Amino acid sequence: MRTLIYGMNLSLDGYIADPGGDIDWSEPSDELFQWWLDRERAVGLFLYGRGLWETMSSYWPTGDRQPGATPAQIEFARNWRDTPKVVFSSTIERVEGNARLFAGDAVAEIARLRAGDGEPLRVGGARLGHAALRAGLVDEFEIVTHPVLVGGGAPFFTTLDGWVNLDLVETRTFPGGVVLSRYLTRR
């Protein structure tokens with residue numbers, strides 16, 4: 001069985017974007033960006049909801065050719081292009097690059113993909129992540145908390161039907177007071 005990882009940048013009050021969809025407050029330091037790159041290299045398949053797909057696909061296909069791109073950003077862009085992706089959406093008509101579109105039951109498809117052998121899967125996007133979490137499919141959380149309160153927006157966590165017990169496996173502080181916490185789901 002593959003490991004399913006749900007992780008994103010969060011504000012201290014638990015949002016991945018502010019009420020207007022702005023994520024500028026989560027701009028990573030070079031050190032944090034390198035940490036994300038190292039984690040992404042270990043992932044065998046990215047699972048994206050529509051919103052995160054639109055954000056990522058608007059920049060990373062050519063991120064390595066942008067003026068001022070750092071070596072880590074160049075490598076991130078190349079890794080992003082090379083890693084297969086499944087985009088879960090009933091409103092997007094097509095996706096390009098190393099991605100396929102899936103418009104059916106997202107939870108059933110994530111469970112099917114997770115049941116196979118291979119490298120870890122990373123689920124991204126609040127709604128898709130919530131669906132996987134509510135279905136009990138998330139094995140690991142990677143939460144990068146930024147020292148800002150945005151007061152509302154897209155929450156990382158949603159209301160659950162019950163407890164989810166976690167084991168802390170890593171914590172690390174990055175420049176600017178950004179804190180990484182990695183947790184495994186206790187099964």
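The values are calculated or read from the model by the stated rules, or taken from the named source; none is laboratory data. Since we're looking at a predicted model, the values are computed, not measured. Quick reminder, even Gly has a Cβ in these numbers, built from the backbone with ideal geometry, and neighbours come from all protein chains shown. Just the protein is used for accessible areas: all its heavy atoms, side chains included, with ligands, DNA and RNA removed. Shrake-Rupley method; radii C 1.70, N 1.55, O 1.52, S 1.80 Å.
Listing for the model above:
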quantity: Carbon/sulfur fraction of accessible area - the chain, other protein chains in place, 1.4 Å, %; calculated: 51 percent
quantity: Dipole magnitude of segment 53-94, debye to nearest 20 (Cβ charges: Lys/Arg +1, Asp/Glu -1, about Cα centre); calculated: 60 debye
quantity: Solvent-accessible surface (1.4 angstrom probe) belonging to residue 88, in square angstrom, nearest 10; calculated: 20 Å²
quantity: Heavy-atom accessible area order for 1, 8, largest first, 1.4 Å probe; calculated: 1, 8
quantity: Given (i) 23, 22, 17; (ii) 38, 19, 15; (iii) 28, 23, 18, the label whose value is semi-axes √(5λ) of the Cα gyration tensor in Å derived from this model; calculated: (i)
quantity: In segment 59-107, GluC sites (Glu not before Pro) in a DSSP loop with at most 10 other beta-carbon atoms within 10 Å; calculated: 93, 96
quantity: Electrostatic dipole magnitude of segment 1-96 [Cβ: Lys, Arg +1; Asp, Glu -1; Cα centre; debye, to 20]; calculated: 540 debye
quantity: Surface accessible to a 1.4 Å probe, residue 59 within the full protein complex, Å²; calculated: 90 Å²
quantity: Residue 187 paired with residue 173, simple spin-label distance in nm, labels 7 Å along Cα-to-beta-carbon; calculated: 3.5 nm
quantity: Positive minus negative residues near residue 144 (Lys, Arg vs Asp, Glu; Cβ under 12 Å); calculated: -1
quantity: Measure of compaction for segment 86-157 (Cα Rg per 2.2 N^0.38 Å); calculated: 1.26
quantity: Most to least accessible of 94, 122 (protein chains only, probe 1.4 Å); calculated: 94, 122
quantity: Spin-label model distance (nm) - residue 164 vs residue 149, 7 Å beyond Cα toward Cβ; calculated: 2.5 nm
quantity: Karplus (6.51, -1.76, 1.60) ³J(HN,Hα), θ = phi - 60°, over segment 53-58, in Hz, Gly and Pro reported as x; calculated: 4, 4, 5, 5, 6, 7
quantity: Whole-number percent relative contact order across segment 118-187, with pairs defined as alpha carbons under 8 Å at least 6 apart; calculated: 36 percent
quantity: Mean shadow area of segment 140-187 over all directions, Cα convex hull, nm²; calculated: 4.2 nm²
quantity: Under Karplus coefficients 6.51, -1.76 and 1.60, residue-wise ³J(HN,Hα) of segment 161-175 in Hz, glycine/proline x; calculated: 7, x, 5, 10, 7, 10, 10, 6, 10, 7, 9, 7, 10, 10, x
quantity: Solvent-accessible area per residue for segment 1-153 (1.4 angstrom probe, square angstrom); calculated: 47 Å²
quantity: DSSP beta bridges in the chain [antiparallel fraction, %, rounded to 5]; calculated: 40 percent
quantity: Relative contact order, percent, segment 1-97 [alpha-carbon distance under 8 Å, six or more residues apart]; calculated: 27 percent
quantity: For residue 64, solvent-accessible area (1.4 Å; no DNA, RNA or ligand), Å²; calculated: 30 Å²
quantity: Separation of the residue 79 and residue 40 label points, Cα + 7 Å toward Cβ, nm; calculated: 0.7 nm
quantity: Within segment 1-42: Cβ-based charge dipole about Cα centre, in debye rounded to nearest 20 (Lys, Arg +1; Asp, Glu -1); calculated: 420 debye
